[in-house]
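Let me begin by presenting the structure, written as structure tokens, before commenting on it.
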Amino acid sequence: MRILIPTDSFPPVCGGSGWSTYELARGLRTLGHEVTIVQPKPGEAPGVREIEYDGFQVQLFGAPAPNVPYLRNYYKSERLTRSLADHLVSLLRRTPHDVVHAQHVMTTVAGIQAAKAIGVPAVATVRDYWPV
């Protein structure tokens, strides 16, 4: 099975959410699944660059987000969601996946929108209570 995991954070620099996502990806890979990781990077230059971590190719999706409190939130939620969803749709069209499993708050809406646009099942894991 091919699984697309858009995630807010992923090693090597991350907190509990990133490490939990890494362990999920590792477990899926051990079971023979192909895992694609996409991590948005608000505040970095727009575009996609790839890094490797423990055999995973991680697409870092740069997106503008000025370091001004109100504007940063707008860019991280409204604008990033749209551009990330577009990127995920493009990725899903190029390389079909069987499921999208979004991880945490920043990638959940974009992951679900992209999956719906392509007709692929989607699930989401949000680890903190604060978004509620």
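The values are calculated or read from the model by the stated rules, or taken from the named source; none is laboratory data. Just so you know, these numbers come straight off a predicted model, no measurement behind them. Here Cβ is always computed from backbone atoms with ideal geometry, including for glycine, and neighbour counts include all displayed protein chains.
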Checklist entry - Do we find a residue being among the small types (Gly, Ala, Ser), without any contact (Cβ under 8 Å) to a residue 12 or more places away in the chain and surrounded by fewer than 12 Cβ atoms within 10 Å (Cβ to Cβ) anywhere in region 43-53? => result no
Checklist outcome for this item: Scanning region 93-114 for residues that are over 12 Å from the mean Cα position of the chain (by Cα), buried (at least 17 other Cβ atoms within 10 Å of the Cβ) and under 19 Å from residue 25 (Cα atoms) gives 97
Checklist outcome for this item: Selection over region 15-43 where residues are assigned to a loop (DSSP other than H, G, I, E, B), at pLDDT below 95 and at negative phi yields a count of 1
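Does residue 58 meet the test of being aliphatic (A, V, I, L, M) and not in a strand (DSSP E or B)? Walk me through it before giving the result.
Details: aliphatic (A, V, I, L, M): yes; not in a strand (DSSP E or B): no.
The answer is no for residue 58.
Suppose the filter is touching a residue at least 24 places away in the same chain (Cβ under 8 Å), under 15 Å from residue 8 (Cβ atoms), touching a helix residue (DSSP H, G or I) at 6+ places or on another chain (Cβ under 7 Å) and in a strand (DSSP E or B); does residue 100 pass it?
On the way: touching a residue at least 24 places away in the same chain (Cβ under 8 Å): yes; under 15 Å from residue 8 (Cβ atoms): yes; touching a helix residue (DSSP H, G or I) at 6+ places or on another chain (Cβ under 7 Å): yes; in a strand (DSSP E or B): yes.
Yes, satisfied.
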Checklist outcome for this item: Within region 58-80, residues within 14 Å of residue 7 (Cα to Cα) and either exposed (fewer than 11 other Cβ atoms within 10 Å of the Cβ) or modelled with pLDDT of 95 or more (or both) come out as 58, 59, 60, 61, 62
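Residue 16 - would you say it is in contact (Cβ under 8 Å) with a residue 60 or more places away in the chain, under 17 Å from residue 127 (Cβ atoms) and surrounded by fewer than 16 Cβ atoms within 10 Å (Cβ to Cβ)?
On the way: in contact (Cβ under 8 Å) with a residue 60 or more places away in the chain: yes; under 17 Å from residue 127 (Cβ atoms): yes; surrounded by fewer than 16 Cβ atoms within 10 Å (Cβ to Cβ): yes.
The answer is yes for residue 16.
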